[in-house]
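Below: the structure, in structure tokens.
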Amino acid sequence: MSSEDGDAGQVREALLRAVDSGSLPLVEDVLPEPVHVPGPLRDELLSRARRLGQLAVLTALERHFRRPAPFEELRDRALAHPDREHVVWAEVLYELGHRPADETWDAAVRLSTDPDRVARLFAADVLLSQVIEEISRGDVLYSERAALLLPWARREPDAAVLEVLLNGLTWAGGPEPEQVGLACAGHPEPRIRGWVPMLLDTDGHPLRPEALAAVLTLAGDPDPEVRGRVCAWLEGYPGREPELGDALVVLSRDERQRTRIDAVAALAHRDDPRCVAAERHIGPLEPGLDPETLPLLAVGDHERRVRERGDYPGGSIRPPVQE
């Protein structure tokens, strides 16, 4: 037996062991370029993965060897594991997200009226994957396809499906996603209310009155996750509406430290002098928070800008500590 035969045999055994393990990372780690995998071995690997029910591995192998399964077969694989965190669901989405858009998009849209909420969830996830892939491929800020989600989002009754659609709409430009977002501001599910700020149209102009009112309401939402998401959004929002500054001062005393940090950072980005006193409400950092993360440096950056402008010549920016 030649050394080449021996090497080929070792590669085959390593690939078969990886497929047998069902570990997608292991398969991807040992899988050589397709040109180095003979046709018979490709067939053996695909057959082995299918026979063992290793559907995530099978999907990855089909992509690697350019033998794509039909949309309907991939759909059935995902729906057999109705969990967005499941490796099969995720691998199917990755595959469909990278396929040519028209055929895949149309097939997913046809599922948007399916009475089964899991089928609709899968379809929404496919469309979201296509939108994200469109954004990642080109130097564009918005996805043309994302706006096509609007009719479905307006009628979708299931919160889990709607959440995926709202995520997709954050990649759409124009005022229409804002109207969908505002309609969701009073939704009973916190995870839906938390998407509202990301859907607001702030492209080159301040918030409209109804949008400002929604943000202020959500900043005082009873759910801490919603307040946290609003606060994180406000950290990047460039507007200077005074009502938002007042809301951020309140949020700087929120029960969650991450929300307090983002509120202080948002005040600092606005060069609101109240950020200096508000910083004291952050408290000792909880485990896992890096003191060098940008939000925690925001007050120092604010003070530097103040000094450079000479707003406090010869004096301290920080108010005296009350004994």
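Readers should treat all values here as calculations from the given coordinates under stated rules, not as data from a laboratory. Treat the numbers as computed from the prediction; the structure is a model and nothing was measured. Heads up, the Cβs are rebuilt from the backbone with ideal geometry, glycines too, and the neighbour counts pull from every protein chain shown.
Across region 248-314, Cα pairs under 8 Å and at least six residues apart give a relative contact order of 31 percent. Taking 1.306 mPa s as the viscosity and 10 °C as the temperature, the Stokes-Einstein diffusion coefficient of region 67-137 based on its alpha-carbon Kirkwood radius rounds to 133 µm²/s.
Tell me the chymotrypsin sites (Phe, Trp or Tyr not before Pro) within region 29-123 that lie in a loop according to DSSP and have at most 10 other beta-carbon atoms within 10 Å.
Details: sites: Phe65, Phe71, Trp89, Tyr94, Trp105, Phe122; in loops: Phe65.
Taking region 29-123 and a limit of 10 other Cβ atoms within 10 Å, no loop chymotrypsin sites (Phe, Trp or Tyr not before Pro) are found.
Kirkwood hydrodynamic radius for region 182-233: how many Å is it when counted over pairs of different Cα atoms?
Values: mean 1/r = 0.0919 Å⁻¹.
It works out to 10.9 Å.
Per the Debye formula on identical point scatterers at the alpha carbon atoms of region 137-287, with no solvent, log10 I(q)/I(0) at q = 0.12, 0.13 Å⁻¹ is -0.52, -0.60. Computed over the chain, the P(r) tail beyond 37 angstrom holds 38 percent of alpha carbon pairs. Calculated mean residue ellipticity, 222 nm, the chain: -18500 deg cm²/dmol, from DSSP H runs (n ≥ 4) at -39500 (n - 2.57) each, averaged per residue and rounded to 500.
Karplus-derived 3J(HN,Hα) values for region 282-297, using 6.51 cos²θ - 1.76 cosθ + 1.60 with θ = phi - 60°, are 5, x, x, 5, 6, x, x, 9, 8, x, 9, 5, 4, x, 6, 9 Hz; glycine and proline are entered as x. For region 1-123, the convex hull drawn through the C-alpha positions has a volume of 100 cubic angstrom per residue. Using the Kirkwood formula over every pair of different C-alpha atoms, what hydrodynamic radius in Å results for region 119-191? After inverting the mean inverse Cα-Cα distance, the result is 12.4 Å. Among Gly300, Gly168, Gly288, the residue with the largest mean-square fluctuation in a Gaussian network model of the chain, with springs joining Cα atoms closer than 10 Å, is Gly288. Summarising the amide proton neighbourhood of Glu241: residues at separation of 5 or more, or on other chains, whose placed amide H is nearer than 5 Å comprise an empty set.
Whole-Hz Karplus values for region 257-263 come out as 5, 4, 5, 4, 4, 5, 5 Hz, taken residue by residue from phi with 6.51 cos²θ - 1.76 cosθ + 1.60 and θ = phi - 60°; glycine and proline positions read x. Highest GNM mean-square fluctuation among Leu285, Leu127, Leu74, for the chain modelled with Cα contacts below 10 Å: Leu285. Among Arg75, Arg155, Arg309, the residue with the largest mean-square fluctuation in a Gaussian network model of the chain, with springs joining Cα atoms closer than 10 Å, is Arg309.
Give me the orientation-averaged projected area of the Cα convex hull of region 50-179, in nm², one decimal.
The orientation-averaged projected area of the Cα hull of region 50-179 comes to 8.0 nm².
Converting phi to 3J(HN,Hα) with the Karplus coefficients 6.51, -1.76 and 1.60 and the offset θ = phi - 60°, region 46-62 yields 5, 5, 5, 5, 5, 5, 8, x, 8, 6, 5, 5, 4, 4, 5, 5, 4 Hz in sequence order, with x at every glycine or proline. For the chain, averaging the sequence separation of C-alpha pairs within contact (under 8 Å, six or more residues apart) and dividing by the residue count gives a relative contact order of 7 percent. Considered as an equivalent ellipsoid built on the Cα gyration tensor, region 212-282 has semi-axes of 16, 14, 9 Å, the largest given first.
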